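Below: one structure, written as structure tokens.
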Amino acid sequence: MTALFDRLVVSSLPFVPKPIVRSFAARYVAGNTLEDAISTIRTLASEGAMATVDVLGESVTQREQTLATRAEYLRVVDALAASGLPANVSIKPTAVGLSIDPALALENCAAICARARDHGMFVRLDMEDSPHTDATIRLTLDLRKEFSNVGTVLQAYLRRSLADIGRLEDAGVNVRVCKGIYIEKREIAYKDRGAIIENFSALVAKHLAAGCYTAIATHDEACVQLALASIDRLRIPKDRYEFQMLLGVDPVLRKSLIDAGHRLRVYVPYGRDWYAYSTRRLKENPAIARHVLRSMAGLGPAPA
Ligand code: FDA
């Protein structure tokens with residue numbers, strides 16, 4: 001019954017006025033400007049966390065927009081380097097032109113990787129929905145020919161990921177493993193929570209065992225525990241992996257990992273294009289989406 005209600009809540013989100021979504025989504029986004037992001041990163045650094053910055057925006061259809069995104073990333077890279085804060089950048093390949101022309105995305109990413117390399121900074125290509133998986137892996141491997149400071153992401157819900165991680169291992173690529181956030185068909189994606197967790201654990205263990213730097217991106221205690229067991233069994237040193245979490249999600253787990261001495265990085269998105277990112281986050285968390293709808297209806301907080 002709760003699951004059915006949650007599905008109804010989630011499907012109602014597009015009808016909720018943006019200012020209401022905004023007030024609940026604020027926890028997931030640093031703000032509109034680079035200065036907002038830097039101030040969030042400074043607070044995270046004081047708590048012992050590193051950051052990766054995402055300039056919000058995706059599925060761009062105009063070449064000019066991709067050039068503006070590239071210019072903004074160059075500004076971010078310079079500002080982060082000047083701040084001395086422990087931070088790097090994450091890029092959505094479609095925001096820099098992957099669905100317009102892969103050569104354009106390569107050119108834009110190469111410019112960002114070159115500037116980041118000058119500052120000794122890492123660049124990660126996020127993984128979007130499955131029509132972009134092949135192109136994102138190809139883009140990463142093409143960039144790797146010139147830049148050692150670039151890596152990507154694999155999604156544990158995709159049946160293909162165990163094979164893909166082998167290709168990335170061969171090139172020594174730093175991979176972030178996450179469950180995956182887009183809606184995919186059962187033909188290509190595991191739907192069962194247990195199967196996704198097992199695949200997550202298998203991907204992390206395989207990448208660590210291959211000697212490749214691994215970013216373990218999850219708030220799921222089961223995934224964290226299985227990753228810690230692999231790290232222990234394989235005797236992986238602390239500078240060969242990091243945990244990653246989203247801004248606004250589970251600060252208690254975040255603190256417990258930092259207190260135990262693990263490297264931890266928080267994904268810090270900023271920008272005016274906050275809506276698509278935030279509604280994906282709200283859909284992951286129907287409890288908050290319920291508050292959004294109650295607020296729209298003029299009701300108080302939902303009962304716990
Ligand atoms: P799960 O969804 O089971 O959540 C575990 C627990 O965490 C939940 O029970 C809940 O308590 C809490 N939680 C999770 N999401 C929450 C939310 N939004 N609000 C409040 N609580 C929440 N995906 C992708 O397809 N491509 C990518 O490139 C990335 N990149 C990425 C980077 C980083 C740093 C992270 C942490 C995640 C991603 N993701 C991603 C998203 C990822 O695929 C996944 O959707 C979310 O991290 C949620 O999965 P969990 O592993 O946390 O498990």
Study note, to complete from the structure: For region 228-279, the count of residues that are away from the ligand (no atom under 13 Å from the Cβ) and hydroxyl-bearing (S, T, Y) equals 5
**Study point:** Filter result (of a type outside the set (D, E) and either free of Cβ contacts under 8 Å to residues at least 12 places away in the same chain or surrounded by fewer than 12 Cβ atoms within 10 Å (Cβ to Cβ) (or both)) within region 177-194
**Key:** I183, K185, R186, K191, R193, G194
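So, V292, is that one of a type in the set (A, V, I, L, M, F, W, C) and at pLDDT 95 or above or not?
Numbers: of a type in the set (A, V, I, L, M, F, W, C): yes; at pLDDT 95 or above: no.
Criteria not met by V292.
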Practice item. Kindly list the number of the only condition in (1) open to solvent by less than 60 Å² (accessible area, probe 1.4 Å); (2) within 19 Å of the chain's Cα centre (by Cα); (3) more than 18 Å from T66 (Cα to Cα) that fails for D126. Key: (3)
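Determine, yes or no, whether R167 is among the basic types (K, R) and out of contact with any Pro (no Cβ under 9 Å at 6 or more places or on another chain).
The answer is yes for R167.
The values are calculated or read from the model by the stated rules, or taken from the named source; none is laboratory data. On a predicted model such as this, the values are computed, not experimentally measured, just so you know. All Cβ positions, even for glycine, are placed from backbone atoms using ideal geometry, and neighbour counts span all protein chains on display. Each accessible area value is taken on the protein alone, full model and side chains, heavy atoms only, with ligands, DNA and RNA left out. Shrake-Rupley method; radii C 1.70, N 1.55, O 1.52, S 1.80 Å.
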